[in-house]
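Participant: Quick one: the structure is below, and I'll ask about it shortly.
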Amino acid sequence: MTYLNRITDNLLKDKMGVFGAVNIIGPKGCGKTTTGKHFSKSYIEFQDEDKRDNYLLIANTQPSDLLIGEKPRLFDEWQDAPKIWGAIRKDIDDNNLVGQYILTGSSSKMIDTPHTGTLRISKLKMYPLSLYESKESNGQVSIIDLFNKKNFNGCHSNLTIDELKHVICRGGWPASLNAKNKKSSLLIAKDLFNQTYSTDISNVDKVKRNPNTAKTILKSYARNICTLADTNTILSDINATIELSKPSYYDYVNALEQLFIIEDIEAWTPNIRSKTSIRSKKKRNFIDPSIAVGALGISPDYFNADYKTLGFLFESLCVRDLKIYTSKYNGSLSYYHDRFGLEADAVLHLDDGRYAIIEFKLGESEVENASAHLCKIEQLINEYNKKNKRSLIRKPDLKLIITATEFGYKRNDGVYVIPIGCLSP
């Protein structure tokens, strides 16, 4: 089977060039094991039932014996044999070699190790597939090229709105690309949702939790996806169905974060107007929009009559892809929203200080208003800098509207309008 190249591949190579081992983390089914195998020369799979008992016996008695093999050596589902962590750490200390081991495992099993592995075992986060990795974005427009002011002559996306509805519901799960037809490709995300609330929510840290409570929380999160709904708002929604205390709510949410299911977006809080004007709540989101679709119990056809929900899920899809694309440049993502209603759906930060302010819009009819928002933020920063010479705020290096439309172009106000079906790192 042909290996599907991932944006994290080069990040893994870089880390293997400086650390003794890399622990690939991320949600179930995102491709951690496949990538680990692709970059290893030998491997141990603790879930191999024919060899499992023998592997676990060795791991519990003389774990260093399992380290013998061609390097890099992969240990898949290493959490089943936690002593292997300490053995790897000691081997790295003793031999002072880099690129020796790759660790992968289920996000539903969190293990407290006696040693952190700091400076020896580095973590690498993997997401589900982006549209560029699944070859549904043609990649005509590179984000870094936009930052670098490379010549831009427009672009054209072949991704139709119906195809977009499908990929939102299907998600970026590699196994879904092997499905026999479009309908069956939707089952992976649904199964992941079911497994999350029924099994993984308790297995992650061996704390018994109520599946129905977990399911209700996920449904409420899905109803509030890509909004600034606070805890009280979500709790009120939950308590319309079941009774849940705030400490219990936080416990479930923390478990869902450990499972890499929930991944909220932090606020960008520059002092443009005043400290009190900035909304600093987290924006609610999942690691992949298909989880929200599973929680809502809907299908691509549902969106034919509900473009408002589609808009929120489209934003979630765009956030997922931007996080993947900017990981190549050690970037990060936040959002901006003040009490006057001025907003940027996302603020993309590069590690060299450059940043982009971004809006996500389904259709062309929304572009004008979105562009006005972005230009207003830039204007406010200019006005602030004129009054505060000693504490300047950097101007945005890029103003971007990501759409579900067909054509991409640059506006006269400097705002780029780019279809998600054209975007790449």
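Participant: How many residues are touching a strand residue (DSSP E or B) at 6+ places or on another chain (Cβ under 7 Å) and in a loop (DSSP other than H, G, I, E, B) if we restrict to segment 311-360?
Facilitator: So the count comes out to 1.
Participant: Checking Tyr249 against (1) touching a Phe, Trp or Tyr at 6+ places or on another chain (Cβ under 9 Å); (2) among the aromatic types (Phe, Trp, Tyr); (3) over 17 Å from Ala292 (Cα atoms), only one condition comes out false. Which one?
Facilitator: Condition not satisfied by Tyr249: (1).
Participant: So Lys123 ticks every box in (1) surrounded by fewer than 19 Cβ atoms within 10 Å (Cβ to Cβ); (2) free of Cβ contacts under 8 Å to residues at least 40 places away in the same chain; (3) at negative phi but one. Which box is left unticked?
Facilitator: The failed condition is (2).
Participant: Same structure, new question: Where in segment 33-141 are there strands (runs of 3 or more DSSP E), lying wholly inside it, with at least 2 residues that are more than 30 Å from Ser290 (Cβ to Cβ) and either modelled with pLDDT of 95 or more or not acidic (Asp, Glu) (or both)?
Facilitator: In segment 33-141, the matching strands (runs of 3 or more DSSP E) lie at 42-45.
Participant: Moving on to the next point. Just the residues that are of a type in the set (S, T, N, Q) and either out of contact with any strand residue (DSSP E or B) (no Cβ under 7 Å at 6 or more places or on another chain) or surrounded by fewer than 17 Cβ atoms within 10 Å (Cβ to Cβ) (or both), please, taken from segment 376-403.
Facilitator: Gln379, Asn382, Asn385, Asn388, Ser391
Participant: Can you name every residue in segment 72-96 that is closer than 19 Å to Asp53 by Cβ and surrounded by 21 or more Cβ atoms within 10 Å (Cβ to Cβ)?
Facilitator: Correct list: Phe75, Asp76, Trp78, Ala81, Ile84.
Participant: Answer yes or no: is there a residue in segment 151-164 that is within 19 Å of the chain's Cα centre (by Cα) and either touching a residue at least 12 places away in the same chain (Cβ under 8 Å) or not assigned by TED's automatic domain parsing to the domain that holds Tyr355 (or both).
Facilitator: Yes, that holds for at least one residue.
Participant: With respect to the numbered conditions (1) crowded, with 21+ Cβ neighbours inside 10 Å; (2) among the charged types (D, E, K, R); (3) within 19 Å of Leu12 (Cα to Cα), which one is the sole condition not fulfilled by Arg170?
Facilitator: Failed condition: (3).
Participant: Name the pairs whose Cβ atoms lie under 8 Å apart, with the first residue in segment 397-410 and closer than 22 Å to Tyr336 by Cβ, the second part of a loop (DSSP other than H, G, I, E, B) and among the charged types (D, E, K, R), and 6 or more positions between them or separate chains?
Facilitator: Asp397/Arg354; Leu398/Arg354; Lys399/Asp413
Participant: If you go through segment 397-422, how many residues are among the hydroxyl-bearing types (Ser, Thr, Tyr) and closer than 18 Å to Leu348 by Cα?
Facilitator: Final tally of qualifying residues: 2.
Participant: In segment 80-112, how many residues are closer than 26 Å to Ser202 by Cα and touching a strand residue (DSSP E or B) at 6+ places or on another chain (Cβ under 9 Å)?
Facilitator: Number satisfying all stated conditions: 7.
Participant: With the requirement that a residue be in contact (Cβ under 8 Å) with a residue 24 or more places away in the chain and surrounded by fewer than 21 Cβ atoms within 10 Å (Cβ to Cβ), what does segment 338-348 give you?
Facilitator: Listed by number, the residues that qualify are Asp338, Arg339, Phe340, Leu342, Glu343.
Participant: Return the pair list, or none, for Cβ contacts closer than 6 Å from residues in segment 23-52 that are among the aromatic types (Phe, Trp, Tyr) to residues that are in a strand (DSSP E or B), at least 6 apart or on different chains.
Facilitator: Filtered contacts from segment 23-52: Tyr43/Leu74.
The values are calculated or read from the model by the stated rules, or taken from the named source; none is laboratory data. This is a predicted model, so every value here is computed, not measured. As a convention, Cβ positions derive from the backbone with ideal geometry for all residues, glycine included, and neighbour counts pool all protein chains shown.
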